[in-house]
Amino acid sequence: MEKNFLKMTRLVQFLETLRLFGELHAPTISESGVYRFSPLDDPAELRLDYHRTQIPPKKYLLPFREEILHNATGSYREGHSGAKDLVLFGVHSCDLEGIAYLDRVFLADAADPGYSARRSRLTLVGVSCEPDDFCFCPEERESTACDLFLGASGEGFHLACHSARGRAVVSAADHLLEQGPPLPPPRFSGPCFPPQDPELRFSDHPLWQKFASTCVSCGACSVCCPTCYCFDVREYPTLSGGAARIREWDNCLFVTHGEVAGANFRPDRLDRLRFRFLHKYCGFTPLQGISSCVGCGRCKEVCPVDIDLRELTVTPKRVQP
Ligand code: SF4
Ligand code: SF4
């Protein structure tokens, strides 16, 4: 039998071993009661009982604001990516799938240099979870989009490696592991949302009006979404003649998002909500037909007016206008 079982009593030592692979970050709770991924200086701060962090782990790969180009001498140079060896421990399957989706966007044909540099130095350690009322990923989901996955079982965790780096972690932690029964195959039951009909964008479904009448365009649903990645690029000149080109998160729920050269393609709230729906559940080329919703439930939890776009996925016959 393989050594693939970690007793809960050895978790702290396991965390110390993870530090060999980079700066260790994990779910913790702030003084104001907000779950977040943050540096794990003290293992006692670890909160594996969390359901979801307010901001997803995309913040490590797509910083809220970053300098992508810098010009101090008359010519542009790439900004510093900030890449460092980082271990993210305790990531749930939905967020692992969220990162896998971002990989498809930012590592495809023309890989984004900053994202690519940060991603290549990131070690992902997933942990199984217990859903709450906001979650809607399939219960039998267990993502393999990580280096190592810890499935809670009895008095500890079953370890499943999904990359060479995961195997290196297990090798380094060999003295902490015990023989366990053969690992069951990973459970994965497909996307949370089947691809939706893009025609919904143009439909006169009464729910669009209902949502638009209450949405306050706060953008919280997009900020907290693990697969929302809209960004804006701004140029900031300096008095000394240089400049910095900054990339920062944008938000398709904001009225400014559709502004181009004095025109606005989506001036109405209803249009912006429909645009987000189309992007989340129908996909854009070349990811057309692929849903990017991983079922984390954040958008439903944070919306101040309880908008739940999933209502749109039921057929119009079943919807009460
Ligand atoms: S659309 Fe909502 S539930 Fe789906 S991944 Fe984004 S935040 Fe999570
Ligand atoms: S969180 Fe709710 S109110 Fe805010 S932009 Fe999203 S749908 Fe609108």
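The values are calculated or read from the model by the stated rules, or taken from the named source; none is laboratory data. Note that the coordinates shown come from a computational prediction; the quantities given were computed from them, not determined experimentally. Cβ placement follows ideal geometry from the backbone for every residue including glycine, while neighbour counts extend to all protein chains displayed. Areas reflect the complete protein model, heavy atoms only, side chains present, ligands, DNA and RNA absent. Shrake-Rupley method; radii C 1.70, N 1.55, O 1.52, S 1.80 Å.
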DSSP bridge orientation in the chain - percent antiparallel, rounded to nearest 5
75 percent
Based on DSSP, what percent of beta bridges with both residues in region 3-179 are antiparallel, to the nearest 5?
65 percent
What percentage of the solvent-accessible surface of region 198-318, computed with a 1.4 Å probe over protein heavy atoms, is contributed by carbon and sulfur atoms?
57 percent
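Restricting everything to alpha-carbon atoms, can you work out Rg to Rh for region 70-114 with a Kirkwood hydrodynamic radius? Mind showing how you got there, number by number?
Working: Rg = 15.1 Å, Rh = 13.3 Å.
Result: Rg/Rh = 1.13.
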Of 117, 173, 56, which is farthest on the positive side of the dipole of the chain, counting Cα position, with +1 on Lys and Arg Cβ, -1 on Asp and Glu Cβ, and the Cα centre as origin?
117
What FRET efficiency, computed as 1/(1 + (r/R0)^6) with R0 = 41 Å and r the Cβ-Cβ distance, is obtained for residue 75 and residue 210, rounded to the nearest 0.05?
0.20
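Take the Cβ-Cβ distance between residue 64 and residue 168 as r, set R0 to 35 Å, and report the resulting FRET efficiency rounded to the nearest 0.05. Intermediate results must be reported in sequence, preceding the final value.
Working: r = 31 Å, r/R0 = 0.89.
My answer for the efficiency is 0.65.
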Share of Cα-Cα pairs in region 198-318 lying beyond 24 Å, as whole percent:
31 percent
Charge dipole magnitude, Cβ of K and R +1, D and E -1 - region 3-179, Cα centre, debye nearest 20:
520 debye
Could you report the chain's accessible area per residue, 1.4 Å probe, as an integer in Å²?
51 Å²
For region 3-179, take every pair of Cα atoms, bin their distances at 10 Å starting from 0, and report each bin as a whole percent.
9, 36, 35, 15, 4, 1, 0
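Per residue, what volume in Å³ does the Cα convex hull of the chain take up?
171 Å³
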Just going by the charge dipole of region 198-318, with Lys and Arg at +1 and Asp and Glu at -1 on Cβ, which of 256, 277, 312 is farthest out on the positive end?
312
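Full extension from residue 34 to residue 243: what is 0.36 nm times the residue separation minus their Cα-Cα distance, to one decimal in nm? Walk me through the intermediate numbers first.
Details: separation 209, 0.36 × 209 = 75.24 nm, distance 3.63 nm.
Gain on stretching residue 34 to residue 243: 71.6 nm.
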For residue 293, what residues show an amide H to amide H distance below 5 Å, using hydrogens built from the backbone and excluding near sequence neighbours?
none
Less than 16 Å apart at the alpha-carbon level, and either on another chain or at least 8 residues along: which lysines does that give for residue 59?
84
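Could you state the per residue volume, in Å³, of the convex hull enclosing the Cα atoms of region 1-57?
Numbers: hull volume 6.7 nm³, N = 57.
Cα convex hull per residue, to the nearest whole number: 117 Å³.
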Probe radius 1.4 Å, ligands and nucleic acids ignored: give me the carbon and sulfur share of the accessible area of region 3-179 as a rounded percent.
49 percent
